[in-house]
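For reference, the structure discussed in these notes is given below.
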């Protein structure tokens, strides 16, 4: 099945599956049941079986799924065989945390450059990642297609316009601003305050059933 035929809800769960399966393989496990997967990634077994069926990965009763086969499939589907280069815009507290982590523990996504308006940070590096002045964005960002925004909301629209003009196709937006982009650019908004509010609401009104 072509990747664009996979339901979006399924596509969002693939990195969860991939991370868990990768850990299993590193422990020497060769097979896994949908029940084990369900308990690990907190997705019900029926949903997992349906997700996997989109890839023709049908588990065998009493055997489960072949870890190596699934990993190979998800690696191709998630483009894990290719390194995706990312630009970080804004080296404040959150941006600094991203640079120190830099995603390499779990996948092949890597921040390769960062930009900041503070001239004291320009031409330095953190975690092996060069930090440039935001004034040099157009000169330095050639070829990078993904950006993370960790800047003040008031600056988001202007910076986004510059990113789009210079070929950025995907933006992970950690600012509260709801930025506007052309149809060919994908934006994922992550508002940490909203997510925390939602978590507290669900804890109060939809308590989990104790096992």
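All of the numbers you see were taken from the coordinates with simple rules; none came from a lab. Because the structure is a prediction, the values reported are computed rather than measured. Cβ coordinates were reconstructed from backbone atoms using ideal geometry, including for glycine residues, and neighbour counts include every protein chain displayed.
Values computed for the structure shown
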{"item": "Ranked by how many other beta carbons lie within 10 Å on average, peptides 142-152, 66-76 from highest", "result": "142-152, 66-76"}
{"item": "Anisotropy class of region 84-194 from Cα gyration tensor, a/c 1.5 cut", "result": "rounded"}
{"item": "Counting DSSP beta bridges with both ends in region 84-194, the antiparallel % (nearest 5)", "result": "10"}
{"item": "Nearest 10 degrees, 0 to 90: helix 153-165 Cα axis against the chain principal axis", "result": "80"}
{"item": "Computed over region 84-194: relative contact order in percent, which uses C-alpha pairs under 8 Å that are six or more apart", "result": "23"}
{"item": "Ranked 47, 175, criterion: other C-beta atoms within 10 Å, fewest first", "result": "47, 175"}
{"item": "Antiparallel bridge percentage (DSSP; both residues within the chain; nearest 5)", "result": "20"}
{"item": "Using alpha-carbon coordinates, inclination of helix 8-26 to the longest axis of the chain, degrees", "result": "70"}
{"item": "Relative contact order, percent, the chain [alpha-carbon distance under 8 Å, six or more residues apart]", "result": "13"}
{"item": "Max mean-square fluctuation residue, GNM over the chain, Cα-Cα springs under 10 Å, options 200, 43, 181", "result": "200"}
{"item": "Semi-axis lengths (Å, descending) of the ellipsoid that matches the C-alpha gyration tensor of the chain", "result": "36, 21, 17"}
